[in-house]
Structures are given as C-alpha cells and as structure tokens.
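These notes concern the structure reproduced below.
The values are calculated or read from the model by the stated rules, or taken from the named source; none is laboratory data. Computed from a predicted model, the values in this text were never measured in an experiment. When we count neighbours, we look across all protein chains shown, and the Cβ atoms used for this are built from the backbone with ideal geometry, even at glycine. The area values use the complete protein model at the heavy-atom level, side chains included, leaving out ligands, DNA and RNA. Shrake-Rupley method; radii C 1.70, N 1.55, O 1.52, S 1.80 Å.
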Amino acid sequence: MGLGWDGKGHKRANGKPRRWWRGVVSLLLTLALGVAIGAIFSHGPPIALASAPGPTLSGTSYGASHSRMQSAANAATWPQQNSLWCGVATVAAIGRYQGSTSVTQQGVANYLNSDAAVSVWGVPSHASGYWGPGFRADISRDFGTDPRSLAAGMDWATAGQYHQFVAGADPLDASIRLARDLERSTQPISVFVDHAFHSVVVSAVFSTTDPMTNPGGITGFEVWDPGWSVANGGIQPNEFEDVSLNTWLTDSVYWGGPYNVNLINGYIYDPNPAVGPYRYDPSVSGHAATLWSGHYVYVRPDPVNVLSARASVDWAFNQNGQLIKGFSGELSPGYRGSTAVWEGAKVTLGSTTSFNPAFSARGSYDSAAAGSAPAAALVYAGTDSAHHLNVRTTQDGLSYSSVLALSYTTSAAPAVVVMPPAQSGSQNIVYLAWDGTDSAHSINLLYDVYNVTGHSQTLTLSFGSASSPSVAYFSGQVWLTWAGTDSNHRLNVLPLGPQGMTPGTITTLSSLPGASGGPSLLNDAQLQRLVLSWAQAGSGTMTYRISPDGVQWTAPAGAVSLSASSGGATMVASLIQLPGGEPGYPTPAAYMVWRIPGGDLLAQPFTSSLAPGLSQLVPEQTSYAPVASYIAGPDFILVWAGTNSGHNINAAQMQM
C-alpha cells in the first residue's frame, strides 16, 4: 500500500519514529500503538544518502527532466497533504509533469473516491483486522491507495494509460525493468517502496551504459519523496535524493525488501486484493498466489500502441509486459496479448538433492483423479555419498509427507510416475525408474513403492542410460524413454506394460539428434498423444516430437528450434478447457520449462498444435533441470533444486 503511511517507523537522523497516526484512530489509541510500532520498525542509525540538490551518481541520466519534475512537484503542492496521500501526491505530481494545469492532490483524492474510479469488481467491504479500504478505487482493504487505485488515478490525471507492473522476486531484475521504463517513457514513475508502506516518484536512472541494451552500468536512481518535509513523514531527508544502486537494493526503505502485507499490532495495512480475480484466499485451492506481496511493484506508463493498453486499468502485468491472469484463469475482455506464467505459493523443503528431482501427479493425465491419494509423488537422489533414493508424496504440491528412504542408489536423476490403482478403491501407485551405479548404468524399475498392492517388484533392464530416464503412463501402460550410451546418445522409447514390468519393443529414434541430458516424456491426455522433449547433444537446442502410439514420432506442424537448455527440460499440458485466446494470440495449452545457461528458468508456452508463443523468465534459479506436473485446475506444480550449497528442493504453484 505504501500509500498512505508517511512514516514506516524507521528512524531518521533525530532517532524518532517517522509516522504520525493522525486521522486514523482516536488520540488515545494513537498513543498506545505509537510506542509499539516504533519498537517494531526501528532499525538503528540512518543510512547515509547522497545530498540534494546536485547529482552525485556517475553516468548519464535517462528518464524525466529534473527541472520539469521539480516544477511538477511544486505545482502539485508537495509534500503530501494527508497521512494517506503519499500515493495521491505522486499521481498529482506526475499529472502535472504530463501537462495538466489543474490536477491537485485534493482532486486526485476526490476522483479516487468517485464512482468513476471504482473497479469493475467493486469495492471491498470493511472487515475486522484491516484499516481500509482507504479509497473506493482500491481492490484491497489497504490503509491508503493500493496499486490498482494508483493506476486508475494515473489514467485520470494524465489522460494516459497506466497499469500495475508487478516484477518477480529479484530486486535487481525489477530495477532493470524500472530503468528501462524510465528511459523508454522519459516520464517519472510512481513506485512502491519501504515494503509497501510508502510511494515515491522515481524520475531518472543514472548509468554509464545504455540501460536498454546493457544494464550493467546502472549506478542509481533519482528518487522524489512526497513525505520528505512532513513531521516524522518520509523516507528521505530531502525532497529528492540520488540513491545509489546498492542503497536502492539493500536498504529496506527502498527495494531492500519486496511488497509486504505489513501486519502490525493485529491490523493489516497493505493486504492483497479482496475482490476480483486476483483475490487472495489461501483456503481455496488454486487461490494461494499473491498479486503484490513478495514482489516489486510500480505503476507503469504503457508503451505507445502496445497490447497492454487494450486491457482495462484493473489488470496487472508482469516483468515481461505480459498480462497476469486471474487466479482462476480470467482474462481482461478484449485483451489480445501474451499472458504470464505466474508463480504463486511456494515452499522450500528440508530435503536436499544431488541431481534434479523428479515429480509426477496422476492429475497430469487424468483430471478426475486429482484428489486421489497420493495425488503426486516427489523422488530425489540424496546428498549422501551413495545417492540413495528418497520418496515423498503430496496432495497439493506444497505440503509433503515424511521421507521414505529407499535402499536403492542412483548415478543420475531418477524418474517417477503416479499410476492408477490396481483395483477400485485402493490407492494410486508410485512407480520409479533410475540409472544404476554399475559400470553400465543399467536402468532399474520399481513398481509400487509403497506396496499398496502387496505385489511390489523390481526389474533391472539389460541396457543402460547416459543420463536420467523419464517415464509416463499412457494408453494403459508405462512408457520409458532414455538417452543411450552410444556415442550419439540416441533417444529410445520402450513400452513396459500395465505394471511397467513387461518390456516390449524398443523404438530408437535414429534419425533424430541425440540428447545432452535426460529427455522428458509427457502424456498429453487432452489430445491423446505422447510428447517427447530433449536438449540436443552438442548445441543444447530444445527439441520436441509427438506420437500417437509411442512408435511413430513426428514434428508438430508448428515446431521450431528453441533456445538452448542446460540439463534438459520438463513439459506440462493442460487437461482443462482454458478461456479461448483471441485470433493471433491463442491461449497456451502447454508449457515447457528449462534451465538456461546461468541458472535462470525459462517458460515457453505452446498452443495445442505445439506452436510456441512468447517465452518468459520464471523468477527462480536452479542448479539442475526443473520438473513439473499438474495436480488439478489451471495451476501446475513446478519443482526444482535450489542454488544453495545443499540444493534444497523447492516447489511452487505456477498459474497458466
């Protein structure tokens, strides 16, 4: 929310908390809570900032004119005129900068409380434990103005087009996006800072290189604080400061922390949306994602003639300029642009792994079985010297059972598939495949890890794998794929029967490039086909083929060469009917996710014909290849090993 609180409770040079509680509760309650908040938020001596008024950062200034911004702040009668109005003051100043001769802070506040500013989803009701909504334009119960209401106010004050811009969990990447928007638009931008307690105007970025092409030269930002001279008010001692990139990224009053709900003394000040398709409700399956909390948020001026301008002001966009769909897959009417893969609820497990983990949900090929037990299974090689296999199960992809440690050891990442029960009423069956630690790296199979049938069994095949295998349940039986130990690492596909213990005839894809890592096999149940994807040996180029029977493999009509993968990929295909896409911008029916050089994750959407759309980065990094599977609904679960020393396993809901 940031908007509203002028003080945040950190200390200024005089060592006193910055916030007054006027206009919120009675004086008695103010005095009672003031001491508590000061104690909570006080964080020691103030950080040294560059002194105004002269520029102190090296490099060229990209963005808005400093002198025009000063005139705009003066015309908007800065500082903020009310304790809820830091966001209002930023809107008024930017409106003046954009040429309005009449916009005032009071005028902005009046508009945000008018019928015209109300979201298409309505105004949240008042509820216990919340201060707001501070304005009728809010979609949350924020103390002041939330990101949606600021975007609406900016549209009105500038006669332009603005949207909420929500960047992922990396403050440096978000800062690069902000820098590029400043350079592109040459406009000042309203930014949420101080973990959402406050709003400021960032007018320019300083850089020794062009941020649009080489962001490595960014040295800092010019930041204007609407609460700078309010008693115990802003986050800066001066109206504007040249803030170094290091200070911007590390001090909590800037982007040293992401947007937060800021629960203080039992009251929530900056909550996520309470109405509309972005409504935060962790008690409802598929609604655990948060639109603002945990991210970096600013109000972005739309580029000229771009597709985002066709979405109403209520909708938000991610760091790649892609529409963030509602948490149940809703889209803005009339929008024809790309949509985002959005990371929702996330968990970091205590489990650590030596290779990439394996993850499978029966719901990935049978939507009617999402609630069956177990819904999904996670298998991974331990970090012990022998790399023993470990298994955990889950019903939602976020809460996992205790570890089942197996006696088997592996030389590479294992594979897993959750199979239907052997008989009606019993549990799903967990099936594993892995490379042995013998010299040939023979592939081993295990049917029924938990022995729910009473007939658990293993089988060692007579051939080995050059990397991790992959398994899928398709057309009533288990299918196995692997890269051979031949010099070309040719791909092989093998049917294994209903229990995965009866090998059939191997199909070797001799005419196709071999694999540099483990391939991925997917049951695309909606279109009744297998999809095989892999990184080509040598180049790492991502490649994919389809088959109706596991024997005949062809390139889909829309297949193209994709960027290189480092260690293989995972693919998921939706089983549910998603909202239809507009002509030229069809709704994705599948996603492939892989690790690119450097460790970042790339998500590639595909149409039902497997024609690729616009790829995007997932705000995570991994040391190995990621894995994914659907449990239920429009969200798939992405699982990956972290880049920390122990390579802890992470899992997150990813919205399509």
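Accessible area per residue, 1.4 Å probe, Å², for the chain: what's the number?
I get 35 Å² per residue for the chain.
As a test of understanding, state the convex hull volume per residue of the chain from its alpha carbons, in Å³. Before the final figure, lay out each step's value.
Details: hull volume 104.9 nm³, N = 656.
Spelled out: Cα convex hull of the chain, divided by residues, is 160 Å³.
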Along region 538-555, Karplus-curve 3J(HN,Hα) (6.51, -1.76, 1.60; θ = phi - 60°) to the nearest Hz, with x for Gly and Pro, reads x, 7, x, 4, 6, 9, 8, 9, 10, 8, x, 9, x, 10, 8, 10, 9, 7
Between Q621 and S114, the two model label points (7 Å from Cα along the beta-carbon direction) sit apart by a distance in nm of 4.8
Counting Lys and Arg as +1 and Asp and Glu as -1 over every other residue whose Cβ sits under 11 Å from the Cβ of P271, the net charge comes to -2
DSSP beta bridges in the chain: the antiparallel percent, rounded to 5, is 95
Looks like region 126-248, by Cα gyration tensor root eigenvalues a ≥ b ≥ c and the a/c under 1.5 rounded cutoff (else prolate when a/b is bigger than b/c, oblate otherwise), is prolate
Full extension between N214 and S456 adds, at 0.36 nm per residue less the Cα distance, a length in nm of 81.4 nm
Taking 115-126, 189-200 and ranking on average Cβ neighbours within 10 Å, highest first, one gets 189-200, 115-126
With +1 at each Lys and Arg Cβ and -1 at each Asp and Glu Cβ, the charge dipole magnitude of the chain around its Cα centre, to the nearest 20 debye, comes out at 580
Measure of exposure for W315: accessible area at 1.4 Å probe, Å² rounded to 10, is 10
Checked region 589-656 with the C-alpha gyration tensor, a ≥ b ≥ c its square-rooted eigenvalues, rounded below a/c of 1.5, otherwise prolate if a/b is larger than b/c and oblate if not; verdict oblate
Honestly region 357-492 on the Cα gyration tensor test (a ≥ b ≥ c root eigenvalues; a/c under 1.5 rounded, otherwise a/b vs b/c for prolate or oblate) is just prolate
Expected sort for 523-536, 450-463 on mean C-beta neighbours within 10 Å, highest first, is 523-536, 450-463
Summing +1 per Lys or Arg and -1 per Asp or Glu among the other residues with Cβ less than 13 Å from D242's Cβ gives -4
Using alpha carbon centers only, region 454-533 is separated from region 194-228 by a whole-angstrom value of 51
Counting only residues 5 or more apart in sequence or on a different chain, those whose built amide H sits under 5 Å from that of S332 are none
Two pseudo-spin positions, 7 Å from Cα along C-beta at T56 and at L263, lie apart in nanometres by 3.8
Under the 7 Å Cα-to-Cβ spin-label approximation, T485 and E330 lie apart by a distance in nanometres of 5.6
For V618, the residues 5 or more places away or on another chain with a placed amide H closer than 5 Å to its own amide H are L601, L602, A603
Between W315 and residues 5 or more places away or on another chain, the pairs with built amide H atoms under 5 Å apart involve none
Of every hundred units of 1.4 Å-probe accessible area on region 96-141, the number belonging to carbon and sulfur atoms, as a percent, is 45
Calc'd 3J(HN,Hα), region 407-416, phi into Karplus 6.51 cos²θ - 1.76 cosθ + 1.60 (θ = phi - 60°), Hz, glycine/Pro = x, comes to 7, 7, 10, 9, 9, 7, 5, x, 10, 8
Residues other than L461 with Cβ under 14 Å of its Cβ, Lys/Arg counted +1 and Asp/Glu -1, net out at -2
Trypsin sites (Lys or Arg not before Pro) in region 310-374 lying in a DSSP loop, each with at most 15 other Cβ atoms within 10 Å of its Cβ, come to R336
